[in-house]
1. With the structure loaded, tell me whether residue 293 is in the same structural domain as residue 155 (by TED's automatic domain parsing) and over 23 Å from residue 129 (Cβ atoms) or whether it fails that test.
2. Kindly state which helices (runs of 4 or more DSSP H) lie completely within region 119-236 and contain at least 1 residues that are modelled with pLDDT under 95 and exposed (fewer than 12 other Cβ atoms within 10 Å of the Cβ).
3. Report yes if some residue within region 81-88 is closer than 28 Å to residue 157 by Cα, assigned to a strand (DSSP E or B) and not acidic (Asp, Glu); otherwise report no.
4. Applying the selection to region 1-29, what residues are within 13 Å of residue 186 (Cβ to Cβ), part of a loop (DSSP other than H, G, I, E, B) and not β-branched (Val, Ile, Thr)?
5. Return a yes/no flag: does region 92-101 have any residue that is closer than 30 Å to residue 227 by Cα, acidic (Asp, Glu) and surrounded by fewer than 24 Cβ atoms within 10 Å (Cβ to Cβ).
6. Exactly one of (1) out of contact with any Lys or Arg (no Cβ under 8 Å at 6 or more places or on another chain); (2) farther than 17 Å from residue 311 by Cβ; (3) in contact (Cβ under 8 Å) with a residue 40 or more places away in the chain is unmet by residue 121. Its number?
7. Counting only residues that are among the small types (Gly, Ala, Ser), touching a residue at least 24 places away in the same chain (Cβ under 8 Å) and closer than 18 Å to residue 116 by Cβ, how many does region 273-324 have?
8. Would you check if residue 80 is of a type outside the set (Ser, Thr, Tyr), under 25 Å from residue 185 (Cβ atoms) and either surrounded by 15 or more Cβ atoms within 10 Å (Cβ to Cβ) or at pLDDT 90 or above (or both)?
Amino acid sequence: MKQLFFKIAIYAFLILLVLEGIIRIFHLTKDYPARYVDRLGVEKWVPDQEGYSVTGIRRQNFSKYNINDFGYNSYREFKPTNDKFEIALVGDSFVEGFHQHYYNSTGKKIENLLHGIEVYEFGYAGYDFADELHLIHKYQATFDLIDHVFIGLKFENDLHRGEYNIVPDRIKLESPMYRSLRKIKLLVYLQNIGAFSAARELTRTLLSFGQDNPDAAIIETESKESKKQRYLSYISNFESLVNTYGYNKKRYTLLINKTHTPMVFLTYLDLHGFTYLDFSESFQKSVRPTTLIYDMHWNDHGRDIIAQLISQYLQSEFNDNLLK
């Protein structure tokens, strides 16, 4: 009997080893770049990393990322000067671009459309408006050399807080335990395909047994007054962040989707002189899909549209000769 158990253990180990090798050889799961908080209190990726971002059990999306010296996914280093025309794209995972090869990013597409321009992509998954303004403020000397800055803003997602602080849930992913677990590609693969979802749900149910479920008590539809108050709190957070960090209305432009932005906020932006570039109309007119089939991140065509809109905006605002 002992010999049987020993053989089973050996075979199981060998099978797991083979599966680990297959996943690594064929890049069936994504690499996780390490993150950190730099000396200025800005959360970003550890510089000088590269790897592959993979989505889906059949590699629905496979792309290479490259973290530059500044700590962001980009095909170039960020070295602004007074002699060049540079723009910055500041935002979350949409700007970060892990769903696209780093050498075919939105910024690269803009450069392909314009003469002599450099595009710096300050994208990091999870960034909200507080993260974005905090980044610009801490690296003000760098951003002062950049001619124009586009800041991604999703009203429903990015204005939940009126002051900046480190997000503990993201940083804890860099604990020694999580780092060690991420090195086991088979484990990462099983997690990504949802193999542990049932076990986590069962554990959550057992731990909450006998307690009230707050989600079940919430009514499905939000009242009109409640929504109004929530919107006003988001606008208040926007004001608080702008007052704390400052906001250059001549050099900063918000990149928004008006379809997902309430009129009360659009009116506020217009009344207070905040410029914004809306991409919703162009997306709606497109006969081809603009987002990936498994989530709402921009696909290659969507990034083409964003690049064209930004290029046209720069042409109208700065120089008719910028566009090729």
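1. Answer is yes for this residue.
2. 168-171, 176-182, 197-207, 214-217
3. yes
4. 26, 28
5. Yes, there is a match, as at least one residue in region 92-101 is closer than 30 Å to residue 227 by Cα, acidic (Asp, Glu) and surrounded by fewer than 24 Cβ atoms within 10 Å (Cβ to Cβ).
6. (2)
7. 2
8. So residue 80 fails the test.
The values are calculated or read from the model by the stated rules, or taken from the named source; none is laboratory data. Fair warning: this is a prediction, and the values are worked out from it, not measured in the lab. Cβ sites come from the backbone with ideal geometry, for glycine too, and all protein chains shown count toward neighbours.
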